[in-house]
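Remarks on the structure that follows.
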Amino acid sequence: MQILEEIAPEDHKNHIFSYQSVIKNRYGQYEHFLQRNCFISDEERNPVYSMGILIKINDLGDYSPVVQTVERVDTDSAKESKVICKKVYYLNKEDQIFSKREKEVLLWMAEGLSSKMIADKLFVSEHTVINHRRSMQQKSNMPNAIALVGFAIKSGII
């Protein structure tokens, strides 16, 4: 709803909302689904109609974390859709916590070191450092390295 408030009501229909969900079936087994839908709203931004699809994804692998995306679809051309919002939610609290190595990388980031410099200090590849940073950004829903360091300081992680 927060995202819909930021979009003009007549443009709501051009946005696709996607997320995974888990439903327990009558046999007590968990079924994993991908839900994609769009909204048609009135002038006050209230959704009055929602159309979507639910796809069973049990055979597609790991389902943690839950990823929610909002895509802008250009209906006037054959352009690909553009992701305007992506959020990651962890169902288990322990999945949100940064690993020891991620915290090390974060401390060096806070000191102003580049990925290459951090890699040299930790005796790993630059690509590994970039992956650690990307993982931390995803866990914290921070859009970039600067926001990640600020988040870590405010949260008392570093």
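Numerical summary
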quantity: Residue in segment 56-74 that is modelled with the highest pLDDT, counting only those that are assigned to a helix (DSSP H, G or I) and surrounded by 11 or more Cβ atoms within 10 Å (Cβ to Cβ); calculated: Asn58
quantity: Selection count, segment 92-150, where residues are hydrophobic (A, V, I, L, M, F, W, C), surrounded by 15 or more Cβ atoms within 10 Å (Cβ to Cβ) and closer than 26 Å to Val66 by Cβ; calculated: 9
quantity: Selection within segment 18-46 - open to solvent by less than 50 Å² (accessible area, probe 1.4 Å) and touching a helix residue (DSSP H, G or I) at 6+ places or on another chain (Cβ under 8 Å); calculated: Glu31, His32, Cys38, Phe39, Ser41, Asp42
quantity: Flag for Ile53 being loosely packed, with under 14 Cβ neighbours inside 10 Å, modelled with pLDDT under 85 and among the β-branched types (Val, Ile, Thr); calculated: no
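The values are calculated or read from the model by the stated rules, or taken from the named source; none is laboratory data. As the structure is a computational prediction, the values presented were derived from the model and not from experiment. With ideal geometry, Cβ positions are generated from the backbone for all residues, glycine too; neighbour counts draw on all protein chains shown. In case anyone asks, the SASA skips ligands and DNA or RNA and just uses the protein heavy atoms, side chains included. Shrake-Rupley method; radii C 1.70, N 1.55, O 1.52, S 1.80 Å.
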